[in-house]
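Take a look at the structure set out below.
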Amino acid sequence: MPYCVKCGEKIPEDAAFCPNCGTPVRVDLRTRFETADWGERFVAWIIDMIVVGLFLAPFKWYLAWIQFTGFGMTPHFLKFVPFVDLGFDNIAYFLYWTVTEGIYGQSIGKMIMKLKITRLNGGRIDMLQAAVESIGKAFLLPLDCLIGWILYSDKKQRLFNHISETVVIKIRH
């Protein structure tokens, strides 16, 4: 189902105008994309966690072997804040998602699941949008998803998808 390019509201398939703000709907945008389900997105996330985890494992084993203890990089005042994690892995995941989704519009998990992240109007995202939407899933995932499910469940957006004006869609082939 398409979304309004101005306000992000769902637009019925046969609508000529957004029911929320009245913006005219271009005919070619009416049936352009279908948003991905939460289950498909979760599987893509699991695949990404495995791929990046396998890449990070040798480095972490080596650093553990030389007894490097810098994995807990979370500042002391944030150690007791629930759902916030600023560790080594989180930074690696943030960089991975920002680069892959900023350049290709997809991570490896999304490629396998035939999903893609786009602007609300279906256009390509830029690196800034990729970075903003990656902050939530890399550092604040439980809050990002929970707030998104509550506030934006009809749009199938996480909080940081909403902030970055992005949506995950299914690729039709």
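Coordinate-derived values only; no laboratory data. Here the structure is a predicted model, which is why all the values come from computation and not from measurement. We place every Cβ from the backbone using ideal geometry, glycine too, and count neighbours over all the protein chains shown.
For Ile125, the residues whose amide H sits under 5 Å from its own are Arg119, ignoring neighbours fewer than 5 places away on the same chain, with H placed 1.01 Å from N.
A Förster distance of 45 Å, applied to the separation of the beta-carbon atoms of Phe55 and Ser153, puts the FRET efficiency at 0.85. For region 47-56, 3J(HN,Hα) computed residue by residue from phi via the Karplus equation (6.51, -1.76, 1.60; θ = phi - 60°) reads 4, 4, 4, 5, 4, 5, x, 5, 5, 7 Hz, glycine and proline entered as x. Approximating the spin labels as points 7 Å out from Cα along Cα→Cβ, the Leu95-to-Asn20 distance works out to 3.6 nm.
In this structure, the amide hydrogen of Val25, modeled 1.01 Å from its nitrogen in the peptide plane, lies closer than 5 angstrom to those of Phe17, Cys18, counting only residues at least 5 positions away or on a different chain. Taking a ≥ b ≥ c as the square roots of the eigenvalues of the Cα gyration tensor, region 35-170 is classed as prolate, since a/c reaches at least 1.5 and a/b is larger than b/c. For region 114-122, 3J(HN,Hα) computed residue by residue from phi via the Karplus equation (6.51, -1.76, 1.60; θ = phi - 60°) reads 6, 10, 8, 9, 9, 5, 4, 8, x Hz, glycine and proline entered as x. What's the FRET efficiency of Leu63 with Leu128 using the Cβ-Cβ distance as r and R₀ = 45 Å, to the nearest 0.05? So the FRET efficiency works out to roughly 0.90.
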